[in-house]
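Since the structure comes first, as structure tokens, the remarks are kept for the end.
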Amino acid sequence: MGNRNEEDYNFVFKVVLIGESGVGKTNLLSRFTRNEFSHDSRTTIGVEFSTRTVMLGTAAVKAQIWDTAGLERYYRGAVGALLVFDLTKHQTYAVVERWLKELYDHAEATIVVMLVGNKSDLSQAREVPTDEARMFAENNGLLFLETSALDSTNVELAFETVLKEIFAKVSKQRQNSTRTNALTVGSEPGPDPGAFPALWFQMSEWPVLVRSPAEL
Amino acid sequence: MTPEEHRAFWRNVQFTVDKDVVRTDRSNQFFRGEGNPNVESMRRILLNYAVYNPAIGYSQGMSDLVAPILAEVLDESDTFWCFVGLMQNTIFVSSPRDEDMEKQLVRLSDVYGLAALYLRELLRLTHLRFYQHLVSLGEDGLQMLFCHRWLLLCFKREFPEAEALRIWEACWAHYQTDYFHLFICVAIVAVYGDDVIEQQLATDQMLLHFGNLAMHMNGELVLRKARSLLYQFRLLPRIPCSLHDLCKLCGTGMWDSGYMPAVECTGQHPGSESCPYGGTVETPSPKPPREGRKGPKTPREGFGFRR
């Protein structure tokens, strides 16, 4: 996944960062978009957002990432979400279900959601076992990763995974609509887009696209 | 609240306050370092405020407001009472002060809605092109969410501390208006908003544009512009009914020097047929505006709202 000129892109994906205060949403954002981390970051008030353009295969995708401070009015139009908790504070994990409900109440039903356990660098203070969070993610059809915005572990991978999943959905939608337009009969139904496995990012390669980005 | 809800409420207040005090104004020497007693002092003030005013409890952003006061006043209890006073003039306190306002105009869910309403009207009078751009964006644009943090924290995150506190004092002076903060908002738009119009920025890009300006704006320039906007507002021969309250809450008021503008109904609000300003109400003060040495004889172009 490489960087590219900010103005030159094929897609814009809006992704929201949600979760309790103090779990590290703002630092995940700054690590991903500017490769920065601040020990003195302040409470986010209202909304802040940054963008980064990345290459997925041959398509340039502009990721517009909104750090929402929990205001649901900003969920509208989001195609992806990172639901973040602090793995050293069980209290921030205990409310994940409430955040999920709020997200589904206000965002598109097809939104791609990843559960993110942040602060993996503080593993000696861990309060949420990896398996417990992964199980919850699997049961709820969410992607799952543990990250550290401080030492960069998995931050890139987390955003990349969500963006790729969105991209896959979008590509599939486009292909389906093309097929319908061409009145092709007997096309294979394809896998249910909602049924991707929670750990699918372990796949070594992104499936090759049969269409050029210009067509997408 | 049930006892259970009550406990959950306090747990949440304490949890959030604990998280916020350790990341408020850390760049200020006064709050730096581990186990700093001033941070503990800030924590107690905020928890006490939540007890004092449980209807508000604690909302994020309040620590940003109390920190500079504590760093200046130093004494914990004095700071508490200063903070109580300050909170009464913030949009954290969400009950519109004028019931009539609420009846006449759109149903307002919060004080931010009221501020946004005044702000829209001020922009319509002072910066028509920007106002038209907001209108072209529809409801999302007219909400002006890019102003939310400006108003909530009284520009504290928009300017370096010294400039921000100067702006606080300018607002607290209540010179000729209780709403000087809105004139500051308009000033920021006037000074830094040209790109928004020229590039026809959408709502989210507008948010990004103004968000990126934080800490890069010239506070002195913005203050000067706001003062001049207030001065021009004061010279208007007529003001729309929607902005009538912008001037009447402030002590002796904006027009204590003899000249009063006429108030006109804009006809653009619910119940306008019963608006007390339906039809132009000429106030009993026929004197034309005094010509100050610097003042323009006629309001500048863009300031007349009358077709």
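Could you tell me how many of the residues in segment B:9-23 are more than 11 Å from every other protein chain (Cβ to nearest Cβ) and among the hydrophobic types (A, V, I, L, M, F, W, C)?
Result for segment B:9-23: 3.
Please work out which residue is nearest to the other protein chains (Cβ to nearest Cβ), limiting yourself to segment B:162-177 and to residues that are among the hydrophobic types (A, V, I, L, M, F, W, C) and under 20 Å from B:ASP64 (Cα atoms). Quick ask: steps written out before the conclusion?
If we filter segment B:162-177 for residues that are among the hydrophobic types (A, V, I, L, M, F, W, C), which is where we start, we get B:162, B:164-165, B:167-168, B:170-173.
Among the residues that remain, those that are also under 20 Å from B:ASP64 (Cα atoms) are: B:162, B:164-165, B:167-168, B:170-172.
On the way: B:ALA162: 18, B:ALA164: 14, B:LEU165: 17, B:ILE167: 17, B:TRP168: 16, B:ALA170: 21, B:CYS171: 18, B:TRP172: 21 Å.
Only one residue fits best here, namely B:ALA164.
Go through the residues of segment B:227-245 one by one and say whether even a single one is assigned to a helix (DSSP H, G or I), at pLDDT 70 or above and exposed (fewer than 12 other Cβ atoms within 10 Å of the Cβ).
no
Evaluate segment A:103-114: report whether one residue or more is assigned to a loop (DSSP other than H, G, I, E, B) and within 19 Å of A:SER30 (Cβ to Cβ). Explain how you work it out, then say what you get.
Step one: of segment A:103-114, the residues assigned to a loop (DSSP other than H, G, I, E, B) are A:107-111.
Still in the list and also within 19 Å of A:SER30 (Cβ to Cβ): none.
Checked segment A:103-114: no residue is assigned to a loop (DSSP other than H, G, I, E, B) and within 19 Å of A:SER30 (Cβ to Cβ).
Residues B:MET206, B:MET215: which one is over 16 Å from the mean Cα position of the chain (by Cα) and farther than 14 Å from B:GLY141 by Cα?
None of the others qualify; the one that does is B:MET215.
Give the residues of segment B:134-143 that are assigned to a helix (DSSP H, G or I) and either at the interface with chain A (Cβ under 10 Å from one of its Cβ atoms) or not acidic (Asp, Glu) (or both), sorted by residue number. It would help to see each step written out before you state the result.
Filtering segment B:134-143 down to residues assigned to a helix (DSSP H, G or I) leaves B:134-137, B:139-142.
B:LEU134, B:VAL135, B:SER136, B:LEU137, B:ASP140, B:GLY141, B:LEU142 - these are the residues of segment B:134-143 that are assigned to a helix (DSSP H, G or I) and either at the interface with chain A (Cβ under 10 Å from one of its Cβ atoms) or not acidic (Asp, Glu) (or both).
Just to verify a result, which residue in segment A:24-59, among those that are small (Gly, Ala, Ser) and surrounded by fewer than 22 Cβ atoms within 10 Å (Cβ to Cβ), is farthest from the other protein chains (Cβ to nearest Cβ)?
That would be A:GLY57.
Mind checking which pairs have a first residue in segment B:61-89 that is within 14 Å of another protein chain (Cβ to nearest Cβ) and a second that is surrounded by 14 or more Cβ atoms within 10 Å (Cβ to Cβ) and of a type in the set (Lys, Arg), Cβ under 6 Å, 6 or more apart or different chains?
B:ASP64/B:LYS156
Let me confirm something: among B:PHE180, B:PHE146, B:PHE159, which residue is within 14 Å of chain A (Cβ to nearest Cβ) and crowded, with 18+ Cβ neighbours inside 10 Å? It would help to see each step written out before you state the result.
Working: B:PHE180 fails: within 14 Å of chain A (Cβ to nearest Cβ); B:PHE159 fails: within 14 Å of chain A (Cβ to nearest Cβ).
Unique residue meeting the criteria: B:PHE146.
Could you tell me whether B:ARG26 is more than 18 Å from A:GLY22 (Cβ to Cβ), touching a Lys or Arg at 6+ places or on another chain (Cβ under 9 Å) and either at pLDDT 90 or above or within 12 Å of another protein chain (Cβ to nearest Cβ) (or both)?
For B:ARG26, the condition - more than 18 Å from A:GLY22 (Cβ to Cβ), touching a Lys or Arg at 6+ places or on another chain (Cβ under 9 Å) and either at pLDDT 90 or above or within 12 Å of another protein chain (Cβ to nearest Cβ) (or both) - is not met.
Test B:SER41 against the stated conditions and say whether it is within 13 Å of chain A (Cβ to nearest Cβ), in a helix (DSSP H, G or I), touching a residue at least 24 places away in the same chain (Cβ under 8 Å) and small (Gly, Ala, Ser).
Against the criterion (within 13 Å of chain A (Cβ to nearest Cβ), in a helix (DSSP H, G or I), touching a residue at least 24 places away in the same chain (Cβ under 8 Å) and small (Gly, Ala, Ser)), B:SER41 does not qualify.
If you scan segment A:104-141, which residues turn out to be surrounded by fewer than 22 Cβ atoms within 10 Å (Cβ to Cβ), closer than 13 Å to A:GLY80 by Cα and in contact with a helix residue (DSSP H, G or I) (Cβ under 8 Å, 6 or more places away or on another chain)?
Of everything in segment A:104-141, those that are surrounded by fewer than 22 Cβ atoms within 10 Å (Cβ to Cβ), closer than 13 Å to A:GLY80 by Cα and in contact with a helix residue (DSSP H, G or I) (Cβ under 8 Å, 6 or more places away or on another chain) turn out to be A:HIS106, A:THR110, A:ILE111.
Output the number of the condition that A:LYS62 fails; it satisfies all remaining conditions of (1) in contact with a Phe, Trp or Tyr (Cβ under 9 Å, 6 or more places away or on another chain); (2) in a helix (DSSP H, G or I); (3) within 13 Å of chain B (Cβ to nearest Cβ).
Looking at each condition in turn, A:LYS62 falls short on (2).
The values are calculated or read from the model by the stated rules, or taken from the named source; none is laboratory data. Here the structure is a predicted model, which is why all the values come from computation and not from measurement. We place every Cβ from the backbone using ideal geometry, glycine too, and count neighbours over all the protein chains shown.
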